[in-house]
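Comments concern the structure below.
The values are calculated or read from the model by the stated rules, or taken from the named source; none is laboratory data. What you see is a predicted model, and the numbers here were worked out from it, not measured in a lab. Note that we place each Cβ from the backbone using ideal geometry, even for glycine, and neighbour counts take in every protein chain shown.
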Amino acid sequence: MRVRPVTGDDPREILRGLRRALDGAGPSLGLGVVPGVAGDVPEGTAVVVTTSGSTGVPKSVILGGDALAASARATADRIGSGAWLLALPAAYVAGLQVLVRSVVAGHEPGFIDGSFTPRGFAEAASALSSDAGAGTPTFTSLVPAQLTRLLDAAERDEAVADALRSFARILVGGQALAPAVLERAEAAGARIVRTYGSTETSGGCVYDGIPLDPVSVRIHRGEVQVAGPTLATGYLGAPELTAHAFVRDRDGTRWYRTGDAGILDEDGVLRVRGRLDNVIVSGGVNISLDRVERIVRDVPGLGEAVVIGVPDDRWGEASVVVAARGEALRRSEAVQLEEARGAVAAEIGPHARPARLILVDHLDTLPSGKPDREAIRRTVLALH
């Protein structure tokens with residue numbers, strides 16, 4: 001079975017091909033497939049999603065129609081079924097799943113004309129509610145940066161505020177949602193569900209820390225691992241990578257190794273602590289940059305900041321906070337940095353304090369909306 005590459009990112013074209021692929025009537029779709037990465041895919045493959053992620057290393061993930069549908073049904077079982085608004089790129093798994101859920105639910109999805117803007121979001125939300133009809137709940141999926149932008153706009157635009165309140169649930173994933181942003185959203189009347197997952201799990205598979213019903217989560221040697229019918233088949237043209245990422249235990253259960261550090265608390269709630277490999281060694285001490293970043297984002301004005309590691313002549317490596325100008329301009333850079341350093345020192349220790357704060361005009365992002373950490377790191381190294 002071969003893959004038909006989809007050029008461009010027209011969501012309506014992707015939806016047409018997706019319907020055929022899910023029905024088994026059409027070829028598998030190749031979204032973002034890198035030239036030179038090819039090969040046969042197993043029968044039942046609906047989509048191959050190629051994503052570079054935040055590290056810049058491309059991976060072509062094979063997703064079966066059964067896995068995508070299982071994820072869509074599990075979401076409906078958890079939050080309800082209805083009409084969905086696509087506010088994310090359809091070529092990435094979070095946007096793709098909005099289309100899959102629409103197909104499974106039997107509702108036409110809503111689309112935003114042009115690029116994402118708060119006004120465009122509000123108009124599309126209103127049109128979706130009207131088209132879906134009274135009594136049909138509506139849903140959407142966002143990344144934290146989009147939610148923050150909408151909340152800012154809602155303070156001065158009642159149409160945007162109404163749009164946020166109109167959805168039965170708004171899924172937010174792609175990266176951790178800062179507690180302060182969640183509080184703002186809830187105060188604005190938005191019903192937020194924080195999601196955790198990846199392309200390899202057909203999108204979000206843990207909602208507000210609780211796995212969806214067909215999904216199992218375990219912590220093995222500190223790593224979050226996921227099992228269940230939503231797992232990808234593997235990676236196109238990369239059998240060694242597939243064998244490393246997807247493993248079977250003694251009873252035959254197939255687990256996906258996420259590479260994330262996490263814990264399961266007494267109530268079975270998953271708490272992700274960051275990437276196992278996003279660690280620097282500063283002065284001989286291991287420091288999780290994800291943990292530092294979560295703390296820094298609680299500092300006023302640094303809610304979207306990114307923390308990256310850079311070489312340091314004295315300590316070997318050090319962390320740097322990178323933030324967009326805007327809110328941070330209301331106070332001096334020195335004050336912002338000291339607040340961030342103080343917060344990190346209080347929770348982790350003085351050894352983990354970031355060395356610098358760098359303000360940029362804008363933070364580089366991937367098409368999925370996530371920070372492009374590799375591009376941000378290159379920018380910092382050029383300045384360093």
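Overview of values
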| item | result |
| --- | --- |
| Residue within segment 252-264 that is of a type in the set (Asp, Glu), at pLDDT below 95, over 30 Å from Arg2 (Cβ atoms) and in a loop (DSSP other than H, G, I, E, B) present | no |
| Answer from Glu339, Glu293, Glu304 - the residue that is surrounded by 15 or more Cβ atoms within 10 Å (Cβ to Cβ), part of a loop (DSSP other than H, G, I, E, B) and not hydroxyl-bearing (Ser, Thr, Tyr) | Glu304 |
| Failed condition for Lys59, given (1) touching a Phe, Trp or Tyr at 6+ places or on another chain (Cβ under 9 Å); (2) at pLDDT 90 or above | (2) |
| Residue list for segment 228-244, filter: without any contact (Cβ under 8 Å) to a residue 40 or more places away in the chain and either surrounded by 21 or more Cβ atoms within 10 Å (Cβ to Cβ) or in contact with a His (Cβ under 8 Å, 6 or more places away or on another chain) (or both) | none |
| Flag for Thr51 being hydroxyl-bearing (Ser, Thr, Tyr), at pLDDT 95 or above and either in contact with a His (Cβ under 9 Å, 6 or more places away or on another chain) or outside the structural domain of Lys370 (by TED's automatic domain parsing) (or both) | no |
| Close pairs (7 angstrom Cβ cut-off, 6 or more residues apart or separate chains): touching a residue at least 12 places away in the same chain (Cβ under 8 Å) in segment 114-136, among the hydrophobic types (A, V, I, L, M, F, W, C) and surrounded by fewer than 15 Cβ atoms within 10 Å (Cβ to Cβ) anywhere | none |
| Residue within segment 252-264 that is within 22 Å of the chain's Cα centre (by Cα) and either free of Cβ contacts under 8 Å to residues at least 12 places away in the same chain or more than 14 Å from Gly197 (Cα to Cα) (or both) present | yes |
| Residue that is farthest from Arg353 (Cα to Cα) [pool: residues in segment 318-339 that are modelled with pLDDT of 80 or more and among the acidic types (Asp, Glu)] | Glu333 |
| Residue list for segment 334-380, restricted to those being charged (D, E, K, R) and either in the same structural domain as Ala178 (by TED's automatic domain parsing) or under 20 Å from Val279 (Cβ atoms) (or both) | Arg341, Glu347, Arg353, Arg356, Lys370, Asp372, Arg373, Glu374, Arg377, Arg378 |
| Evaluation of Ala334 against (1) of a type outside the set (Asp, Glu); (2) part of a helix (DSSP H, G or I); (3) crowded, with 16+ Cβ neighbours inside 10 Å; (4) in contact with a strand residue (DSSP E or B) (Cβ under 9 Å, 6 or more places away or on another chain) (one fails), failing number | (3) |
| Tally, over segment 198-217, of residues that are in a strand (DSSP E or B) and touching a residue at least 40 places away in the same chain (Cβ under 8 Å) | 9 |
| Index of the failed condition, Pro211 passing every other in (1) surrounded by 22 or more Cβ atoms within 10 Å (Cβ to Cβ); (2) closer than 15 Å to Ala94 by Cα | (2) |
